[in-house]
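Visitor: Dropping the structure in here first, questions after.
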Amino acid sequence: MSTLFLRTLREDPADAEIPSHRLLVRAGYIRRAAPGGFSWLPLGWLVYRQVEQIVREEMDAAGFQEVHFPALLPKEPYEATGRWEEYGDNLFRLVDRKGADFLLAPTHEEMFTLLVKDLYGSYKDLPLSLYQIQTKYRDEARPRAGLLRGREFVMKDSYSFDLTDEGLQASYDAHRAAYIGLFDRLGLPYVIVSAMSGAMGGSASEEFLAPMDVGEDTFIRCSACDYAANVEAVATPAPPAIPFDGLPDAVVHDTPDTPTIETLVDFANANEATRRTDRDWTAADTLKNVVVSLRRPDGGTEALAIGVPGDREVDMKRLEAHVAPAVPEPFADADFAAHPELVKGYIGPAGIEAAGIRYLVDPRVVEGTSWVTGADVAGNHVFGLVAGRDFALNGTIEAAEVRAGDRCPNCDAEVEIARGIEIGHIFQLGRKYAEALDLKVQDEHGKVVTVTMGSYGVGVTRCLAAIAEATADEIGLCWPREVAPADVHVVIAGKEGGPQRDAAEGLAADLEDRGLRVLIDDRVGVSPGVRFKDAELIGVPTIVVAGRGIADEAAPAFEVKDRRSGDRVDVPVDEIVDHLLEVCAG
Ligand code: ATP
Ligand code: MG
């Protein structure tokens, strides 16, 4: 370490929000270079290369072949699939000196499709799976948490090419299995959840989420069966329709100063005219109507009204996922002014229809359900408004928040809710890209057929951060051996000129001869206290101290400390190499 390009920091960096980010900077692994962009220092790059190599080995073992594309790409392929526009503000677009449009690729479906089209033309060439490990660029709205959400990051992206749907399923399964092996090897805990496929298009899709509170994804997990899904992908089971017969007519009541669900429910329960005799009104009896403005990738906007039971909020991430590639924005005062039929705080289905706005409701709003909702007049609500009788049902949307205790769509048991980091995503693209870019092959009868594709991503740099986050403790990083920057960290803890330096340097040389990777703290003028602290901060799994024990002439010994458990043992000098070889072999 006397020559290692490293400065550990005592203070947390001001901009670091989560432990892994703080520690990676403090321990001298990464430095921020730009918003959402990081430089790698020697220790960080060692870990990065370990992670990358594990990813590569698992892909190779599965029989996928590595290729490599440029990150700087022409616009045309992305225009052909619509993604030049659909990616919206997340895409880094540039113009070359001749005025031609380019982009920094956020992902490479188009290029892989074109490459295969370029070289292959027969069913005999398939199935095929190709991958690359490459830097990706996305102008994320909120780069955060260090490497977890960068604007420049490394992704392993694979693509499969098959003739048939069964072939695609087999390729998908092969990737799924490879990912399981890969994340197991990285020592990352994960949950496989059903997912939406987002801007990629396509159908079947699953995400690998590392369950952690710092994650940006929320998922549900059934307490009884093995159902797990990203909340974006949760399908709310619709209750059966109820016959209208005998339901009383809807009635409008004066409900002054009740622009919120809470004030409405309180008013309705407190007043003679609106009170129920059988039970109290609850928020779940009300229908809350929220209007948003959808901005399409072409820049145009369209209003959308969403009706959800009043005991639930509209979950903006779920809404976003379901209206993509459009982006929902709050309905501004100017929008309200342009639609006088909508009365803020008292919006009802009639006003929405009169305003000519598309109205989608939560799947729980089925025919025959009766609601308290806005009457489109300030201070007025309508009671007993029946879906399918008093207002038309023109479609549903999954935008209501999902909560712990909701029913599992699979088995009806209660679900739990947790947060996670998306470390991998696998999906069946189907023929969307092959159709857009005309990737066809001849089948065995000489007929020309469109290829079906899958796309599979692992966030390599994000995984590194997730590993750091999952394993760090209060005193520092704590790497799993598979990805650690070294196997052993040797600390010299004696007076300068004492026997410790020679013993430590001798040990380091011996260990390196035996194939271990050693980090030795041979800095001069650094106190043992600082050396211990730095060793704990850096997080190599095994720390060896050449200290007082070395000076014991009768029985010289090193102290070996396990970074994770903190357990220490004294090991005689003549046994130390074998001992460490054994420890490092696991
Ligand atoms: P997110 O929902 O987190 O934005 P995504 O669904 O857009 O991710 P994909 O297009 O599925 O991401 O990309 C594949 C993988 O690349 C993700 O599973 C994730 O591990 C990684 N990844 C995506 N965006 C980033 C980013 N900004 N920084 C680091 N890794 C990322
Ligand atoms: Mg994803």
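The values are calculated or read from the model by the stated rules, or taken from the named source; none is laboratory data. Everything numeric here is computed off the predicted structure, so don't read it as measured data. For neighbour counting, all protein chains shown are included, and Cβ atoms are generated from backbone atoms with ideal geometry for every residue, glycine included.
Visitor: Before we move on, is Asp266 farther than 25 Å from Asp335 by Cα, surrounded by fewer than 16 Cβ atoms within 10 Å (Cβ to Cβ) and of a type in the set (D, E, K, R)?
Guide: Criteria met by Asp266.
Visitor: Only one residue in Leu46, Leu4 is at pLDDT 95 or above and outside any strand (DSSP E or B), so which one is that?
Guide: Going through Leu46, Leu4 in turn, the sole match is Leu46.
Visitor: Yes or no: Arg419 within 16 Å of ligand 1 (Cβ to nearest atom) and touching a residue at least 40 places away in the same chain (Cβ under 8 Å)?
Guide: Values: within 16 Å of ligand 1 (Cβ to nearest atom): yes; touching a residue at least 40 places away in the same chain (Cβ under 8 Å): yes.
Spelling it out, Arg419 is indeed within 16 Å of ligand 1 (Cβ to nearest atom) and touching a residue at least 40 places away in the same chain (Cβ under 8 Å).
Visitor: A follow-up question, please. Going through segment 363-402 one residue at a time, which ones are farther than 30 Å from Cys222 by Cβ and in a loop (DSSP other than H, G, I, E, B)? Steps first, please.
Guide: Of the residues in segment 363-402, the ones farther than 30 Å from Cys222 by Cβ are 370, 372-386, 388-392, 394.
Once the filter is applied, which keeps residues that are farther than 30 Å from Cys222 by Cβ and in a loop (DSSP other than H, G, I, E, B), segment 363-402 yields Ala375, Asp376, Val377, Ala378, Gly379, Gly388, Arg389, Asp390, Ala392, Asn394.
Visitor: Applying the selection to segment 532-554, what residues are within 23 Å of Val47 (Cβ to Cβ) and surrounded by fewer than 20 Cβ atoms within 10 Å (Cβ to Cβ)?
Guide: Phe532, Lys533, Leu537
Visitor: Just to check your reading of the model, which residue among Phe331, Phe336 is modelled with pLDDT under 95, of a type in the set (Phe, Trp, Tyr) and over 33 Å from the mean Cα position of the chain (by Cα)?
Guide: Answer to the check: Phe336.
Visitor: I've got another one for you. Please report, ordered by residue number, the strands (runs of 3 or more DSSP E) entirely within segment 530-580 with at least 2 residues that are farther than 12 Å from His489 by Cα. Give the derivation first.
Guide: Numbers: elements: 542-546, 557-562, 568-572.
So the answer is 557-562, 568-572.
Visitor: Return yes or no: is Arg523 buried (at least 18 other Cβ atoms within 10 Å of the Cβ), of a type outside the set (A, V, I, L, M, F, W, C) and either in a helix (DSSP H, G or I) or under 42 Å from the mean Cα position of the chain (by Cα) (or both)?
Guide: No, not satisfied.
Visitor: OK, next. Kindly provide the set of residues from segment 456-499 that are of a type in the set (Gly, Ala, Ser) and assigned to a loop (DSSP other than H, G, I, E, B), ordered by number.
Guide: First, pick out the residues of segment 456-499 that are of a type in the set (Gly, Ala, Ser): 457, 459, 465-466, 468, 470, 472, 476, 484, 486, 493-494, 497-498.
Hits for segment 456-499 are Ala472, Ala484, Ala486, Ala493, Gly494, Gly497, Gly498.
Visitor: List every residue pair whose Cβ atoms sit under 6 Å apart, with the two residues 6 or more apart in sequence or on different chains, where the first one lies in segment 211-226 and is closer than 16 Å to Ile18 by Cα and in a loop (DSSP other than H, G, I, E, B) and the second, anywhere, is away from ligand 2 (no atom under 16 Å from the Cβ) and aliphatic (A, V, I, L, M).
Guide: Val214/Ile18
Visitor: Given (1) loosely packed, with under 14 Cβ neighbours inside 10 Å; (2) hydrophobic (A, V, I, L, M, F, W, C); (3) in contact with a Pro (Cβ under 6 Å, 6 or more places away or on another chain), where does Ala100 come up short, assuming only one miss?
Guide: Evaluating Ala100 over (1) loosely packed, with under 14 Cβ neighbours inside 10 Å; (2) hydrophobic (A, V, I, L, M, F, W, C); (3) in contact with a Pro (Cβ under 6 Å, 6 or more places away or on another chain) leaves (3) as the failure.
Visitor: Of these, Asp311, Asp298, which one is assigned to a loop (DSSP other than H, G, I, E, B) and within 30 Å of Glu79 (Cβ to Cβ)? Lay out the reasoning, then the answer.
Guide: Working: Asp311 fails: within 30 Å of Glu79 (Cβ to Cβ).
So the residue among Asp311, Asp298 that is assigned to a loop (DSSP other than H, G, I, E, B) and within 30 Å of Glu79 (Cβ to Cβ) is Asp298.
Visitor: Another question, if that's okay. Scan segment 57-68 and report the pairs whose first residue is within 8 Å of Leu130 (Cβ to Cβ) and whose second residue is surrounded by 13 or more Cβ atoms within 10 Å (Cβ to Cβ), with Cβ atoms within less than 6 Å and a gap of 6+ or a chain change.
Guide: Going by the 6 Å Cβ cut-off, the qualifying pairs are Phe64/Ser129; Phe64/Tyr131; Phe64/Ser158; Gln65/Leu130; Glu66/Tyr131; Val67/Leu130; Val67/Gln132.
Visitor: Same structure, new question: Taking the condition of being touching a residue at least 60 places away in the same chain (Cβ under 8 Å) and farther than 23 Å from Thr373 by Cα, how many residues in segment 289-317 meet it?
Guide: Count: 3.
Visitor: May I ask you to say which residue of Ala585, Ala484, Ala535, Ala555 is hydrophobic (A, V, I, L, M, F, W, C) and farther than 26 Å from Leu464 by Cβ? Full working, then the answer.
Guide: Details: Ala585 fails: farther than 26 Å from Leu464 by Cβ; Ala484 fails: farther than 26 Å from Leu464 by Cβ; Ala535 fails: farther than 26 Å from Leu464 by Cβ.
The match here is Ala555.
Visitor: For Asp157, all conditions in the list (1) under 30 Å from Val448 (Cα atoms); (2) away from ligand 2 (no atom under 16 Å from the Cβ); (3) touching a residue at least 24 places away in the same chain (Cβ under 8 Å) hold save one; what is the number of the exception?
Guide: That leaves (2) as the condition not met.
Per-residue answers, yes or no, for (1) away from ligand 1 (no atom under 12 Å from the Cβ); (2) closer than 30 Å to Ile54 by Cβ; (3) free of Cβ contacts under 8 Å to residues at least 24 places away in the same chain; (4) not in a helix (DSSP H, G or I):
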| site | (1), (2), (3), (4) |
| --- | --- |
| Ile423 | no, yes, no, yes |
| Phe427 | no, yes, no, yes |
| Val449 | yes, no, no, yes |
| Gly454 | yes, yes, no, yes |
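Visitor: Here is a further query. Which members of segment 187-215 meet the condition of being away from ligand 1 (no atom under 11 Å from the Cβ), of a type outside the set (Ser, Thr, Tyr) and modelled with pLDDT under 90?
Guide: Passing the criteria: Gly201, Gly202, Ala204.
Visitor: Looking only at segment 114-148, count how many residues are in contact with a Phe, Trp or Tyr (Cβ under 7 Å, 6 or more places away or on another chain), within 20 Å of Ser158 (Cα to Cα) and either in a loop (DSSP other than H, G, I, E, B) or at pLDDT below 95 (or both).
Guide: 2
Visitor: I want to confirm something. Restricting to segment 319-355 and keeping residues that are in a loop (DSSP other than H, G, I, E, B) and among the aliphatic types (A, V, I, L, M), which single residue is farthest from Gly395 (Cα to Cα)?
Guide: Narrowing segment 319-355 to residues in a loop (DSSP other than H, G, I, E, B): 324-326, 331-332, 339-348, 355.
Subset that is among the aliphatic types (A, V, I, L, M): 324, 326, 332, 342-343, 347, 355.
Numbers: Ala324: 17, Ala326: 18, Ala332: 24, Leu342: 20, Val343: 23, Ile347: 18, Ala355: 17 Å.
Among those residues, the one meeting the criterion is Ala332.
Visitor: Sticking with this one: Of all residues in segment 30-43, how many are surrounded by 18 or more Cβ atoms within 10 Å (Cβ to Cβ), in contact (Cβ under 8 Å) with a residue 60 or more places away in the chain and not β-branched (Val, Ile, Thr)?
Guide: Of the residues in that region, 3 qualify.
Visitor: Oh, and also: Mind listing whichever residues of segment 436-478 are among the hydrophobic types (A, V, I, L, M, F, W, C), over 17 Å from Tyr179 (Cα atoms) and crowded, with 24+ Cβ neighbours inside 10 Å?
Guide: Quick first cut of segment 436-478, residues among the hydrophobic types (A, V, I, L, M, F, W, C) only: 436-437, 439, 441, 448-449, 451, 453, 458, 460, 463-468, 470, 472, 475, 477-478.
Among the residues that remain, those that are also over 17 Å from Tyr179 (Cα atoms) are: 436-437, 439, 441, 448-449, 451, 453, 465, 468, 470, 472, 475, 477-478.
Across segment 436-478, the qualifying residues are Val451, Met453, Ala465, Ala468, Leu477.
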